[in-house]
Amino acid sequence: MSPETAALQAIGWPVGADGQPEFPPWREALAAHPQARPARVVEQHRTGYVVADGPQRSFKVESPPDWQRPKFPPEQRAGVGDWVLIEGGRIVGLLPRRSTIKRGAAGEHYRQQLIAANVDTAFVVCGLDGDFNPRRIERYLLLVGGGAEPVVVLTKADLCPDADRARAALAHVAADGVAIVAVNARERASVAQLDRWLQPGRTAVLVGSSGAGKSTLTNTLLGIERMKTGEVRAHDSRGRHTTTYRALIPLPSGACLIDTPGMRELKPTGEEDVADTFADVEAVAAECRFRDCSHQREPGCAVRAAIDAGTLDEDRFAHYLKLREEVEGAARTLAQRRAQKGEEKTPGRAPNKRVDDRHGRR
Ligand SMILES: Nc1nc2c(ncn2[C@@H]2O[C@H](COP(=O)(O)OP(=O)(O)OP(=O)(O)O)[C@@H](O)[C@H]2O)c(=O)[nH]1
Ligand SMILES: [Zn+2]
């Protein structure tokens, strides 16, 4: 393998036995641009990007003129984690995404926002302090679940004598096959519980509210202690030391970590699959006598029976209904928008669909 390819591999470039990318559409894109070379988006700015072609090898590039048009759909521009083709200091192509994590952007108009691309694992970070909120975790799981293997990371375990109660509140999430890990984000030995998702070449993203401990986790994984959180000292492309916010960070383990700012609003895009996150609820509802049961007071309602029996959490059920409504509403808007634009509806959700067998889930 050439040193260039090895450097790319160290930031997540999937290399096959023949030294070419494992993913056939990427081979084709490379063949179509013989003068271009691949790089990964580390930071996205208004006018351009910082990309990297290896650990500690980042540089600025311009975006294609097309992407600068105000009407260009933002989710079709490269985002953090994307692989792009570079030619002469400019991006000339975006490689097809192997996975995406998106949300509906805040605001009145329907717009999608890419949180991260080409991610294997999504760490949903939530503190075991007053911040702990199973409903918020469910919402995050719904949004990230289509793109990557979700893992719930409960921080501040050192401040919480009763992590078992939190685990009990997430029993349905665990039963669905989602790993739940409680850590002290400040302690390397504790954070080592995440190592199995941070193998060389893997990419993980941290999502969670402000103050949940994402920067603390990042610093601990980087081996940086007691640095002011939110700031990672890095060497920038102009060769001077600055304090910058690095969105995609190569870890000593050989994995890449994408940190995201705390998100206040998490709106679905309409492409999520509620059944995926709430398989337990849907399994119970399937047992109702009437197919169109509204789970209010119909006879033979399995949902009511399960809530009465204490096997289904009433809040979780209510949240399921709410999220389902939100996803359906967003899906309608998305369909309208696509119809207006005459956009070809992409068949299925294949590019976003989690590869279940890879993660050994269901
Ligand atoms: N004791 C303890 N404190 C923690 C832990 N995780 C985070 N903290 C503290 O919680 C505060 C917030 O943590 P941050 O890492 O800044 O949170 P964040 O998720 O990066 O927040 P944003 O950058 O605003 O999105 C800091 O004072 C951390 O030191 C933990 O596991 N144990
Ligand atoms: Zn029912």
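The values are calculated or read from the model by the stated rules, or taken from the named source; none is laboratory data. Quantities reported herein were computed from a predicted structural model and do not represent experimental measurements. Don't worry about glycine lacking a Cβ; one is built from the backbone with ideal geometry, like all the others, and counts go over all protein chains shown. The area values use the complete protein model at the heavy-atom level, side chains included, leaving out ligands, DNA and RNA. Shrake-Rupley method; radii C 1.70, N 1.55, O 1.52, S 1.80 Å.
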Cα-derived Rg to Rh of the stretch 58-199, Kirkwood definition: 1.06
Dipole magnitude of the chain about its Cα centre (Cβ charges: Lys, Arg +1; Asp, Glu -1), debye to nearest 20: 1020
Separation of alpha-carbon centers, the stretch 266-317 and the stretch 1-26, rounded to whole Å: 44
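Find the Rg to Rh ratio for the stretch 1-135, where Rh is the Kirkwood radius over alpha-carbon pairs and Rg uses the same atoms. Show your work: numbers first, answer last.
Numbers: Rg = 16.7 Å, Rh = 16.3 Å.
Here the Rg-to-Rh quotient is 1.02.
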For the stretch 3-96, with +1 on Lys and Arg beta carbons and -1 on Asp and Glu, the positive-most of 14, 25, 76 along the dipole: 76
Under 13 Å, Cβ to Cβ, from residue 39 - net charge with Lys/Arg +1 and Asp/Glu -1: -1
Unit charges on C-beta of K, R, D, E only; dipole of the stretch 3-96, Debye: 360
Contact order relative to length of the stretch 274-342, as percent, for alpha carbon pairs under 8 angstrom and 6 or more apart: 27
Contact order normalised by residue count of the chain, Cα under 8 Å, 6+ apart, percent: 15
Label point distance in nm, residue 318-residue 335, each placed 7 Å from Cα along Cα→Cβ: 2.9
Kirkwood estimate for the chain, i.e. one over the average of 1/r between Cα atoms, Å: 21.8
Residue of 340, 68, 113 that the Gaussian network model of the chain assigns the largest fluctuation, springs spanning Cα pairs under 10 Å: 340
Orientation-averaged projected area, Cα convex hull of the stretch 274-342 (nm²): 5.3
Helical contribution to [θ] at 222 nm, DSSP H n ≥ 4, -39,500 (n - 2.57), averaged over the chain, rounded to 500: -8000 deg cm²/dmol
Heavy-atom accessible area order for 259, 131, largest first, 1.4 Å probe: 131, 259
Per-residue HN-Hα couplings for the stretch 250-263 [Karplus 6.51, -1.76, 1.60; θ = phi - 60°; Hz; x = Gly/Pro]: x, 9, x, 5, x, 8, 10, 10, 10, 9, 10, x, x, 10
Accessible area per residue in Å² at 1.4 Å probe, computed on the chain: 50
The stretch 1-65, accessible surface, carbon-and-sulfur percent (1.4 angstrom probe): 52
